[in-house]
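Novice: To start, I am sharing the structure in question, which I have written as structure tokens.
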Amino acid sequence: MMSSSAGADTATAAESERARRAEFAAFLRSRRERISPHEVGIRVTDRRRTPGLRREEVAELAAVGVTWYTWLEQGRPVRASVQVLQAIADALLLDPTERGYLFTLAGMAQPPGEPEIADIPPFLHALIRQLDPFPAAVQNARWDILAFNRGYDGLIGLNSVPDADRNTLLLYFTDPARRRPWLDWEEHAPGLASQFRAAMARHVTEPGWQQLLARLRRASPEFDRLWQQHDVGLSTSTPKRFRHPVVGMLSLTPFHLWAEPRTDGLLTVGYTPADGATAVKLRRLPALSAMKLDVAAPAPAGVTTGPLPWAGRWARTRSRPSGAVRRGGSCPWPSWDSRRRTRPCAGA
């Protein structure tokens, strides 16, 4: 016989599932109703009594059955695949934030290449620009790198990394070319794993976090071993030694600046020089960045421009949209929004 507490838990879970489906359905309807037919190339030949697209039009654009799509909008207990969700998101012209919300409501992780988006306020872009040449980046609670300055790119060559791989833990544990320059890697790796475990306690059931954890454990035996130790910890400001292939040895003190809210908010991370020699060398990093400016400015003495002579993926060049290039105006040191593929700093 089922206990009263177990019965209550089952009822609560069922009620939560109905609420999720209802919100999913309402979101689909609201997005469909805001799109005019001409936005998606549909010619209107009759008078419409309701705004936006019809259900059959969305179904046709997404290449799914009309009845099945109607069930989704009615909140029925049907489950969409990742491919179907992507097709529906395309049909409804969802922006990156809306796509993330759609996948969350569906209880699914966004596929690689569609990283979750967090709006980065202009003051954070301005902050990391002003910190140049000190390396600085903006990341979320899951350690995804959302934006970075030229000093940061000059340090680790991030601009050549695919969007889906721009995560501090992935770079530190699974990318040999970016692991090698950190001379104290073995000493600092346990701390990073313990910090991630502490952060994940609030997200243990979320698909995106589970996907990242599974990828780390598959790709890095060292991370898997550390994860099984169940250690938890907090970030520290212990200096780290980094052997840069162009500017030489650097002694770097890490910093962490949280934007509100303190828990699960956006975080500005970066490095300041731990000694005078490093302070001089950091001034050379922006000129080594692949985030080129289209203005004629001489490089500092002794600095060569162009792709860095780093091994593996570090030496690859990668095409970048025009938003990454300065077209004149108010951004002499641009920051690169790696998720939106834009540079929202004009006038900042």
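The values are calculated or read from the model by the stated rules, or taken from the named source; none is laboratory data. Worth saying up front: this structure is predicted, and the values here are computed from it rather than measured. Neighbour counts are summed over all protein chains in view; Cβ atoms, including those assigned to glycine, are modelled from backbone coordinates with ideal geometry.
Novice: Cβ-Cβ below 7 Å, separation at least six or inter-chain, first residue in segment 144-157 and assigned by TED's automatic domain parsing to the domain that holds residue 172, second surrounded by fewer than 24 Cβ atoms within 10 Å (Cβ to Cβ) and among the basic types (Lys, Arg): which pairs?
Specialist: Listed by first residue and then by second, the contacts come to 144/166; 145/166; 146/339; 149/129; 156/178.
Novice: If we keep just the residues of segment 60-93 that are among the aromatic types (Phe, Trp, Tyr) and at pLDDT 90 or above, which is farthest from residue 18 (Cα to Cα)?
Specialist: First pass over segment 60-93, keeping only residues among the aromatic types (Phe, Trp, Tyr): 68-69, 71.
The next check asks that each one be at pLDDT 90 or above; those that pass are 69, 71.
On the way: 69: 17, 71: 14 Å.
It comes out as 69.
Novice: Sticking with this structure for a sec: In segment 193-222, which residues are assigned to a helix (DSSP H, G or I), closer than 26 Å to residue 268 by Cβ and free of Cβ contacts under 8 Å to residues at least 24 places away in the same chain?
Specialist: If the condition is that a residue be assigned to a helix (DSSP H, G or I), closer than 26 Å to residue 268 by Cβ and free of Cβ contacts under 8 Å to residues at least 24 places away in the same chain, then 200, 213 are the ones that fit.
Novice: Follow-up. List the helices (runs of 4 or more DSSP H) that sit entirely inside segment 135-181 and contain at least 3 residues that are under 19 Å from residue 282 (Cβ atoms).
Specialist: 150-156
Novice: Return the only residue of 136, 91 being without any contact (Cβ under 8 Å) to a residue 60 or more places away in the chain and either among the hydrophobic types (A, V, I, L, M, F, W, C) or in contact with a strand residue (DSSP E or B) (Cβ under 8 Å, 6 or more places away or on another chain) (or both).
Specialist: When all the criteria are applied, what remains is 91.
Novice: Being touching a helix residue (DSSP H, G or I) at 6+ places or on another chain (Cβ under 8 Å), loosely packed, with under 12 Cβ neighbours inside 10 Å and free of Cβ contacts under 8 Å to residues at least 40 places away in the same chain: is that true of residue 70 here?
Specialist: Working: touching a helix residue (DSSP H, G or I) at 6+ places or on another chain (Cβ under 8 Å): yes; loosely packed, with under 12 Cβ neighbours inside 10 Å: no; free of Cβ contacts under 8 Å to residues at least 40 places away in the same chain: yes.
No, not satisfied.
Novice: Only one residue in 216, 212 is among the hydrophobic types (A, V, I, L, M, F, W, C), over 25 Å from residue 247 (Cβ atoms) and at pLDDT 95 or above, so which one is that? Before the answer, list the steps.
Specialist: Numbers: 212 fails: at pLDDT 95 or above.
Answer to the selection: 216.
Novice: Given the residues 276, 265, 270, which is the only one that is modelled with pLDDT under 90 and either surrounded by fewer than 18 Cβ atoms within 10 Å (Cβ to Cβ) or in the same structural domain as residue 149 (by TED's automatic domain parsing) (or both)?
Specialist: 265
Novice: Mind checking which pairs have a first residue in segment 223-245 that is not assigned by TED's automatic domain parsing to the domain that holds residue 190 and a second that is in a loop (DSSP other than H, G, I, E, B) and at pLDDT 90 or above, Cβ under 8 Å, 6 or more apart or different chains?
Specialist: Close Cβ pairs (under 8 Å, with a partner that is in a loop (DSSP other than H, G, I, E, B) and at pLDDT 90 or above) do not exist here.
Novice: For segment 223-235, give me each residue that is surrounded by 12 or more Cβ atoms within 10 Å (Cβ to Cβ) and part of a loop (DSSP other than H, G, I, E, B).
Specialist: 231, 232, 233, 235
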